[in-house]
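Here's the structure, in structure tokens; my notes come after.
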Amino acid sequence: MGLPAFEYYCPDTSAELERLLSECGGQAKILAGGTDLLVQIKGGFQSPAVLIDIGNLESLQGISHKEGKGTEILAGTKIAAIEESPLIREKVLALYQAVRLLGSPQVRAMATLGGNICNASPSAETLPALIALGSELTVAGNGSERNLPVESFFLDYRKVDLGPGEYLKSVFVPEQSNVSGSAYLCRMLRGAMEIDIVNVGVWFLMDTEGRCQKARIALGSVAPKPFRAYEAEAVLTGKPLSEDNFQQAGKVASSESSPIDDIRGSAEYRRDIVRVMVARALSMASKSLQNS
Amino acid sequence: MKQVIELIINGEPSEVIVRPNELLVDVIRDKIGLTGTKKGCGAGDCGACTVLMEGKPILSCLTLAISCQGKHIETIEGLAKDGTLHPLQQTFVKKGAIQCGYCTPGMILSAKALLRKTPDPDPEDIRYEMAGNLCRCTGYKKIIEAIIEAGQGAHEGGPERVRI
């Protein structure tokens, strides 16, 4: 399988990237790891006239942490670098759990966090984890920057909020406190190189009485885009962190999902497994809290 | 828009002229002439095209050659030294971990990267780190045994020491 012809640029600086993006308009696609984009070009699903390779842009790679604030991951950071980072394992456990289940070692060595986000697959592993953790994205381009919550970045099936000349610059995951719990879980058949049947990210903050003060439940693979199950979150708010409440939140999350039938699982199965997975993830997050 | 790039393949610098849409796997096979790297699914699922780039296993069927300027790439041809097979190649032969052989170059390169990271892996480590390589003959058990044995050689040193 060969590739159709395209123009290729490999900028060395962010300024050059911004200039190329504004000159090429909608003709250009950013090439990060290539593990999604090149498959789509090979398959004829996309045919960009210009590819802008960000592989040389060191200014778009790296993980940093500010005590008490949170962790910043630049968009061009490889998934393998996130997986191997002791900082991510310590501070952003749910994201670590998610990247361990993304693709294969080869895919993780090539793919980037920004690529996984911008490809906007409804089943992308990192998205429920990032949404649940309350992450924020920084979009840059045309000489300015803007921030938005990660869940608002997804407009529709594989459609993201990136205007002409814009690119995803970084992801910021706020610092987790010692009274917050989080977890990522997914349902897959093999354990690698899969399009998940369901994936779930959960997070909650406990108040001084041991009740749930705030919760976020994010679901992937069961709607055209990853989304927050707001009604299920409301079930938990103000209530004790108990198995009964986790089960109830699972039921409500199931009714908020709108899965399709496909080769990996029926809609009926997915709705049922959402119920199970949400309750299980909440229970896992609650245990992580007790052990910390 | 052809461009001259330099690839350092198995320690040897090579200059090749590439178009932007040429894939690394095709350049390695057709322009450098090293056909040990195999083409399988072409979509990153099977791992037959795995090579090591700067020591990490990557899919050469989803990598643009033009993006590899100056990179160190290791293919299966780089493993045997002075007519002696690499310990992983030896244990793959010894354990019968090779059936049709098509997945073997990719398997061995992924295994080499794994042993660099985890010198004495258990079967669970191996299943995780080798998940991107498929064997259509389904000879996984012997492949796991061969990797364990090569890893143990690395610990004991001597002639079977894995050169990583």
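The values are calculated or read from the model by the stated rules, or taken from the named source; none is laboratory data. Keep in mind it's a predicted model, so treat the numbers as computed, not measured. Positions of Cβ are backbone-derived with ideal geometry, glycine not excepted, and every protein chain shown enters the neighbour counts.
Please go through the range B:94-116 and pick out each residue that is assigned to a helix (DSSP H, G or I), surrounded by 19 or more Cβ atoms within 10 Å (Cβ to Cβ) and touching a residue at least 40 places away in the same chain (Cβ under 8 Å). If you could, list the steps in order and put the result at the bottom.
Our first condition is that a residue be assigned to a helix (DSSP H, G or I); within the range B:94-116, this holds for B:94-95, B:104-116.
With surrounded by 19 or more Cβ atoms within 10 Å (Cβ to Cβ) added as a condition, the list becomes B:95, B:104-115.
Hits for the range B:94-116 are B:Lys95, B:Pro105, B:Gly106, B:Met107, B:Leu109, B:Ser110, B:Lys112, B:Ala113, B:Leu115.
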Problem set entry | Any hit, the range B:97-109, residues being over 30 Å from A:Ile41 (Cβ atoms), out of contact with any strand residue (DSSP E or B) (no Cβ under 8 Å at 6 or more places or on another chain), of a type in the set (S, T, N, Q) and at pLDDT below 95 | no
Exercise. Would you pick out the residues in the range A:222-247 that are part of a loop (DSSP other than H, G, I, E, B) and either in contact with a Cys (Cβ under 8 Å, 6 or more places away or on another chain) or over 15 Å from A:Pro122 (Cα atoms) (or both)?
Worked result: A:Thr237, A:Gly238, A:Lys239, A:Leu241, A:Ser242
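Please verify whether A:Asn178 is polar (S, T, N, Q), within 22 Å of A:Ala281 (Cα to Cα) and assigned to a strand (DSSP E or B), treating the condition exactly as stated. Show your work before the answer.
Values: polar (S, T, N, Q): yes; within 22 Å of A:Ala281 (Cα to Cα): yes; assigned to a strand (DSSP E or B): no.
No: the conditions fail for A:Asn178.
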Problem set entry | Among (1) within 19 Å of the chain's Cα centre (by Cα); (2) polar (S, T, N, Q); (3) buried (at least 16 other Cβ atoms within 10 Å of the Cβ), the one test that A:Ser14 misses | (1)
For this session: Would you confirm whether any residue within the range B:41-60 is surrounded by fewer than 15 Cβ atoms within 10 Å (Cβ to Cβ) and away from chain A (no Cβ under 14 Å)?
Result: no
Problem set entry | Elements of type helices (runs of 4 or more DSSP H) contained in the range A:1-99, each with 2 or more residues being away from every other protein chain (no Cβ under 14 Å), more than 18 Å from A:Glu166 (Cα to Cα) and of a type in the set (Lys, Arg) | A:86-91
Problem set entry | Residue that is surrounded by the fewest Cβ atoms within 10 Å (Cβ to Cβ) [pool: residues in the range A:165-208 that are hydroxyl-bearing (Ser, Thr, Tyr) and without any contact (Cβ under 8 Å) to a residue 40 or more places away in the chain] | A:Thr208
Exercise. What do you reckon, is A:Arg216 in contact with a Phe, Trp or Tyr (Cβ under 6 Å, 6 or more places away or on another chain) and at negative phi?
Worked result: yes
For this session: Among what's in the range B:72-84 and is touching a helix residue (DSSP H, G or I) at 6+ places or on another chain (Cβ under 9 Å) and touching a residue at least 60 places away in the same chain (Cβ under 8 Å), pick the residue that is surrounded by the most Cβ atoms within 10 Å (Cβ to Cβ).
Result: B:Ile73
Exercise. Is the range B:63-70 home to any residue that is surrounded by fewer than 20 Cβ atoms within 10 Å (Cβ to Cβ), farther than 17 Å from A:Asp36 by Cβ, more than 9 Å from chain A (Cβ to nearest Cβ) and touching a residue at least 12 places away in the same chain (Cβ under 8 Å)?
Worked result: yes
For this session: Filter the range B:38-93 for residues that are touching a His at 6+ places or on another chain (Cβ under 9 Å) and assigned to a loop (DSSP other than H, G, I, E, B) and give the result.
Result: B:Glu54, B:Gly55, B:Leu79, B:Ala80
